[in-house]
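The values are calculated or read from the model by the stated rules, or taken from the named source; none is laboratory data. As the structure is a computational prediction, the values presented were derived from the model and not from experiment. Because the Cβ atoms are built from the backbone with ideal geometry, glycine has one as well, and the counts that use them run over all protein chains shown. Calculation scope for accessible area: heavy atoms of the full protein, side chains included, ligands and nucleic acids excluded. Shrake-Rupley method; radii C 1.70, N 1.55, O 1.52, S 1.80 Å.
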Amino acid sequence: MKQVIISTIILFFIILSSSCRKDFSVQQSKGNFRTSTDTLFLDSVFTNIASRTYSFKIYNTSDKDINIPKIYLENGNNSFYRLNVDGTPGKSFENVLIHKNDSVFVFAEVTADITQLSDPVYEENVIIEDNDKQKKVLLTSFVKDADFYYPTRFPDGSKDSLTTYTDPQTGETTKIAGFFLPGNTTFTSAKPVVIYGHLAIPENATLTIEQGTHIYFHYNSGIIAWENSTLKVNGTLGNEVIFEDDRMEPDFENKPGMWDYIWLRQNSKNNEINYAIIKNASVGVEVFPASNYNPALLIKNTKIYNCRLVGLFGIASKIVGENLVMNNFGVNAFRGVLGGNYDFKHCTFANYSGGVRNEKSGAVYASNFVDTKENGEDVRYINDLTQFNMSNSIVYGNSSIEYFLENVGGSIFNYQVKNTLIKFNDQNNHFASIPELDFTDISHYQGIILNQDPDFENTDENKMAFEDSSPCVNKGDISTAQQVPLDISGNDRTAQPDLGAYQHIVFSSN
């Protein structure tokens, strides 16, 4: 028994001693810390919408464990910023332990109300202090006011939805999260517009988007023009209408597939897009058949970049395009299926995406059919390609074949391409027997330049102009240029037209 008591006492003192040594090994910080940054940029956020989480580190520069006495936001509980220090949320913290030669994370978020700020640039310091030192890390963000559009949420938790398809045999419907505008609507540049879900233009109404307007889409969002409705995008040079995702951090600047599409449904009418920039969608603009002889879409002076699938997608539709600049797509810059009517003048169709693509996923693809499934069976629909015209344009990219026409027979297939640079490097002559790809056939192809690099300025940054050394210089048809006398930058091209949307400029050396 005596031995047991002695052992217990010894064990008690060992535990006590160990505990005491641990306590005494933690010292109050005396300026022996540093931070990973002096300023933490939280980028741009919309009013009353939470930012993503950003972080910096506080390092212990000593060889002892230390406590930081105070870490706090200078505006305290009135701050719009929120912190999390080493796993603990709050706006002020005391005695934060940092082990020797180690660090802790400080995470920061912001949700700010623009009406309570005197300046949209919202800045505040995180203060880290001990008895010897005070360190400030500046948090900075730009808070944007905006008009928000989103589906109604009902008491049962469901959201407003749009029926995009009804199976004629089963009556089953396909729905997506979305809502109709109340009627004729105009968006202006007074505030950015942020769209959650799918904003639909109701039948017999028009959505007008004025110059300089900035449209932001949340993930899985888009604009839909319903039957007999109209979309008018009225950008101007220098005041383009911009369509992009609502993730404004630099990492998402050129990320494809961040929102869905601009979808011009069957029998929408008189749609026009002029001077727009459309980027980071799944499909930039999707155009369904029209019921009249007017173009379902007249699109001019527009740039479409970084789409997960297709930039401009026509399905048995009629599209007129002028001064289009397109680059970086998972499938095609332009894709036309099930026939239709297409007329392109002075367009730059490029695809320098990083994915693996085949001949049907080049910059330009057009066909007179579409394959689908119905009741589990393969079905092919065929329709007239009444016109596929391209003039004074460029079709190029980083794949060996960037242009492909596919005619399965059984319908009209009219095409006319002139004064256009095309990349079609059929190294093994796989497609030599296809008449639609015979560039020596002068009844369909005139003035074609094959497989010469246009020498674009910087395809990684979607800069698709070129200098006077390019093979595209002065190779355009003058009659076509007279129909589109100004390039996308407003330069006159009628004297010696270049191919594509840009007319090159020779800068004076003086």
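For the stretch 12-65, please list each of the strands (runs of 3 or more DSSP E) lying entirely inside it that holds at least 2 residues being at pLDDT below 90.
Strands (runs of 3 or more DSSP E) meeting the threshold: 26-28, 39-46.
Return only the number of the condition from (1) open to solvent by 10 Å² or more (accessible area, probe 1.4 Å); (2) in contact with a strand residue (DSSP E or B) (Cβ under 7 Å, 6 or more places away or on another chain) that VAL233 does not satisfy.
Going through (1) open to solvent by 10 Å² or more (accessible area, probe 1.4 Å); (2) in contact with a strand residue (DSSP E or B) (Cβ under 7 Å, 6 or more places away or on another chain) one by one, VAL233 breaks only (1).
If you go through the stretch 38-54 one residue at a time, how many are open to solvent by 50 Å² or more (accessible area, probe 1.4 Å), out of contact with any Ser or Thr (no Cβ under 8 Å at 6 or more places or on another chain) and not acidic (Asp, Glu)?
Of the residues in the stretch 38-54, 2 are open to solvent by 50 Å² or more (accessible area, probe 1.4 Å), out of contact with any Ser or Thr (no Cβ under 8 Å at 6 or more places or on another chain) and not acidic (Asp, Glu).
Please report, ordered by residue number, the strands (runs of 3 or more DSSP E) entirely within the stretch 393-510 with at least 1 residues that are β-branched (Val, Ile, Thr), open to solvent by less than 20 Å² (accessible area, probe 1.4 Å) and in contact with a strand residue (DSSP E or B) (Cβ under 7 Å, 6 or more places away or on another chain).
Here the list reads 394-397, 413-418.
Just to confirm my filter: which strands (runs of 3 or more DSSP E) fall fully inside the stretch 78-134 and include at least 1 residues that are of a type in the set (A, V, I, L, M)?
Of the strands (runs of 3 or more DSSP E) lying wholly inside the stretch 78-134, those with at least 1 residues that are of a type in the set (A, V, I, L, M) span 81-85, 92-98, 103-110, 121-129.
If you check ALA205 against the conditions, is it surrounded by fewer than 23 Cβ atoms within 10 Å (Cβ to Cβ), small (Gly, Ala, Ser), over 22 Å from ALA146 (Cα atoms) and modelled with pLDDT of 95 or more?
Answer is yes for this residue.
So TYR352 clears everything in (1) surrounded by fewer than 23 Cβ atoms within 10 Å (Cβ to Cβ); (2) out of contact with any helix residue (DSSP H, G or I) (no Cβ under 8 Å at 6 or more places or on another chain) except one condition, right? Which one?
Among (1) surrounded by fewer than 23 Cβ atoms within 10 Å (Cβ to Cβ); (2) out of contact with any helix residue (DSSP H, G or I) (no Cβ under 8 Å at 6 or more places or on another chain), the lone unmet condition for TYR352 is (2).
Search the stretch 386-404 for residues that are closer than 24 Å to HIS430 by Cβ and at pLDDT below 95 and pair each with any residue that is among the small types (Gly, Ala, Ser) and outside any strand (DSSP E or B) when their beta-carbon atoms are under 6 Å apart and the residues are at least 6 apart or on different chains.
Matching pairs, first to second residue: none at all.
Just name the residue that is most open to solvent (accessible area, probe 1.4 Å) out of those in the stretch 303-318 that are within 15 Å of the chain's Cα centre (by Cα) and not aliphatic (A, V, I, L, M).
My answer is ARG308.
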